[in-house]
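Taking it in order: structure first as structure tokens, then the write-up.
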Amino acid sequence: MATYDLIVIGAGPGGYVCAIRAAQLGLKVGVAEGRATLGGTCLNVGCIPSKALLHATHELHEANHNFAKMGLMVQPPQVDWARMLSYKDEVIAGNTGGIEFLFKKNKIDWIKGFASIPSPGQVRVGDDVHEAKAIVIASGSQSSTLPGVTVDEEVIITSTGALTLGAIPKTLVVIGAGVIGLEMGSVYARLGAKVTVVEYLDQITPGMDGEVAKQFQRILQKQGLTFVLGTAVQGVERTATGAIVVHKSRKSEEEARIEADVVLVATGRKPYVDGLGLDALGIQMTQRGQIATDARFATNIPGVYAIGDVREGPMLAHKAEDEGMAMAEVLAGQHGHVNYAVIPSVIYTTPEVASVGLTEEQLKAEGRAYKVGKFPFMGNARAKAVFQADGFVKILADKATDRILGAHVIGPMAGDLIHEVAVAMEFGAAAEDLARTCHAHPTFSEAMREAALACGDGAIHA
Ligand code: FAD
Ligand code: NAI
């Protein structure tokens, strides 16, 4: 039993970042976390393990498809699945251990166990009740399933099961062509599984710039993924050897069935608030089951705040982290702020897909006058050299002022390249500012500059 300035509930990217920044700003901080390791969904069963498997299988793809082109003559690699999973576990352990080290360094107490809030200013973990001037709920999210689908994490799985399968399936049906479906679908397609993705809407990755989404779908199809779009899953039945996915076309209403060894349900995530005692506390929730907060993350109960996946906004680790930092600054009497207009999003497939700011569809809907600067990676020497010229950069700028309004990239290192535009947007830059900035040759980033040039007098290499 102890008294704190701040107790954070949940040690994911939102919670642990909030705790570290608050400690740096001089607050006495405790963090309640019920998992055996710190880092939340992201480090344990999300961003980090999925990127480890994406990396390993990308290397496999390179060895199988591109090594010989460069004169690297090797035997086709054998996949040791158990070893690949332990590599992934080692990556997780390195990262979660790193957070534990940072907690010690910043003198943050890890209060081990699942917490509830019996009353404002109090956090209960097991039999202990701790006092806190401020409580930040950063309890994250969990996979949401569909009616008629019972997840067992062996045959009918969520992303969590997809990170620990006992064997590589020969056939995989993915329900949902969103981020998880396409990242994990890519992992198993590269490992040799026949992957079919069933999506309710008529395009993959809803919300993404339409042109990019189309190109992305074409590239994934070339990589062997099959898409069944405009189709609603009715249910999934277990069989002796796997499962059958029953789905219905939204246009023709025709019903069809696909058999698979494994079915991955990737239809979104929902806030996780179980066991916190929010009802009894009288915390207001939104219609979507998120904790309702104001712009400074305050709930309707004084002294209780919420950040990350459990409140509104994109369910992204870096959004949670930014809220964590801003939250700590608010609690320390500073002016914490998150610019929600400039939050990049990245899909870590090959090629990567990244975007920041508005899409062309959003600009059209808003009736904004805009211009488009596009540049294909085919005109980028470095991308051609590494067999990754199949993509493009698209920069959208205000027609009158040239101010950058958004950028969409499909191509090599898109997830890193996008930050050039994110920084430019934070500074209110014009496309010409980017176009006039010298970019090193030969780098992928030259494609960003060329797209910016294309917003003006034209790209050089197109
Ligand atoms: P979480 O990371 O969910 O952490 C919440 C923590 O709170 C958990 O550890 C939980 O155990 C704990 N907790 C909950 N209730 C209690 C309680 N009562 N007491 C104590 N502890 C409690 N985002 C990206 O930006 N990039 C990616 O590449 C990416 N990849 C992803 C891949 C997958 C497969 C998944 C599932 C998600 C991915 N995400 C990615 C999303 C990202 O993981 C989340 O947006 C991020 O983890 C949210 O952080 P958070 O701090 O809000 O919550
Ligand atoms: P998502 O929201 O990205 O995609 C879900 C997809 O399922 C949508 O395309 C939706 O139309 C479809 N769908 C819903 N119901 C359906 C049905 N009955 N039949 C067929 N399709 C259906 O959700 P996803 O992929 O589960 O990811 C959850 C969250 O995790 C996302 O918010 C994402 O931001 C985050 N995440 C981020 C990553 C990254 O930043 N690289 C990686 C993985 C997850």
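Of all residues in segment 366-401, those that are hydrophobic (A, V, I, L, M, F, W, C) and at positive phi total 1. The number of residues in segment 189-207 that are more than 16 Å from Val79 (Cα to Cα) and either within 14 Å of ligand 2 (Cβ to nearest atom) or surrounded by 22 or more Cβ atoms within 10 Å (Cβ to Cβ) (or both) comes to 13.
Only one entry in Ala52, Ala63 is in the same structural domain as Ile283 (by TED's automatic domain parsing), in contact with a helix residue (DSSP H, G or I) (Cβ under 7 Å, 6 or more places away or on another chain) and farther than 27 Å from Glu312 by Cα, namely Ala52. Per the listing Ile291, Ile301, the residue uniquely more than 16 Å from ligand 2 (Cβ to nearest atom) and surrounded by fewer than 22 Cβ atoms within 10 Å (Cβ to Cβ) is Ile301.
Would you check which residues across segment 372-401 are over 25 Å from Pro351 (Cα atoms) and of a type outside the set (S, T, N, Q) and list them?
Of all residues in segment 372-401, those over 25 Å from Pro351 (Cα atoms) come to 398-401.
The answer is Asp398, Lys399, Ala400.
The rows are residues; the columns are (1) charged (D, E, K, R); (2) within 26 Å of Val29 (Cα to Cα); (3) not in a loop (DSSP other than H, G, I, E, B).
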site	(1), (2), (3)
Leu276	no, yes, no
Gly289	no, no, no
Tyr305	no, yes, yes
Asp322	yes, yes, yes
His335	no, yes, no
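Table: residues versus (1) within 30 Å of Asp309 (Cα to Cα); (2) touching a strand residue (DSSP E or B) at 6+ places or on another chain (Cβ under 9 Å); (3) not acidic (Asp, Glu).
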position	(1), (2), (3)
Ile219	no, yes, yes
Leu225	yes, yes, yes
Leu229	yes, yes, yes
Gln234	yes, yes, yes
Val246	no, yes, yes
Arg250	no, yes, yes
Asp261	no, yes, no
Gly268	yes, yes, yes
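Does Ile219 count as in contact (Cβ under 8 Å) with a residue 24 or more places away in the chain, out of contact with any helix residue (DSSP H, G or I) (no Cβ under 9 Å at 6 or more places or on another chain), among the β-branched types (Val, Ile, Thr) and more than 9 Å from ligand 2 (Cβ to nearest atom)?
Details: in contact (Cβ under 8 Å) with a residue 24 or more places away in the chain: yes; out of contact with any helix residue (DSSP H, G or I) (no Cβ under 9 Å at 6 or more places or on another chain): yes; among the β-branched types (Val, Ile, Thr): yes; more than 9 Å from ligand 2 (Cβ to nearest atom): yes.
Yes.
If only residues of segment 295-332 that are hydrophobic (A, V, I, L, M, F, W, C) and in contact with a Pro (Cβ under 7 Å, 6 or more places away or on another chain) are counted, the one that is farthest from Val136 (Cα to Cα) is Ala317.
Quickly run through segment 229-271 and pick out the residues that are out of contact with any Phe, Trp or Tyr (no Cβ under 9 Å at 6 or more places or on another chain), within 11 Å of ligand 2 (Cβ to nearest atom) and closer than 29 Å to Cys42 by Cα. Hits for segment 229-271 are Gly235, Val236, Val245, Val265, Ala266, Gly268, Arg269, Lys270.
Matching residues to (1) farther than 21 Å from Gly94 by Cα; (2) more than 9 Å from ligand 1 (Cβ to nearest atom):
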site: Ala23; (1), (2): yes, yes
site: Val29; (1), (2): yes, yes
site: Gly34; (1), (2): no, no
site: Thr57; (1), (2): no, yes
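Beta carbons closer than 8 Å, at least 6 apart along the sequence or on distinct chains, never pair a first residue in segment 300-315 that is within 17 Å of Ile343 (Cα to Cα) and not assigned by TED's automatic domain parsing to the domain that holds Ile117 with a second that is within 13 Å of ligand 1 (Cβ to nearest atom) and of a type in the set (Val, Ile, Thr).
The values are calculated or read from the model by the stated rules, or taken from the named source; none is laboratory data. Keep in mind it's a predicted model, so treat the numbers as computed, not measured. Please note: Cβ atoms are built from the backbone with ideal geometry, for glycine as well, and neighbour counts cover all protein chains shown.
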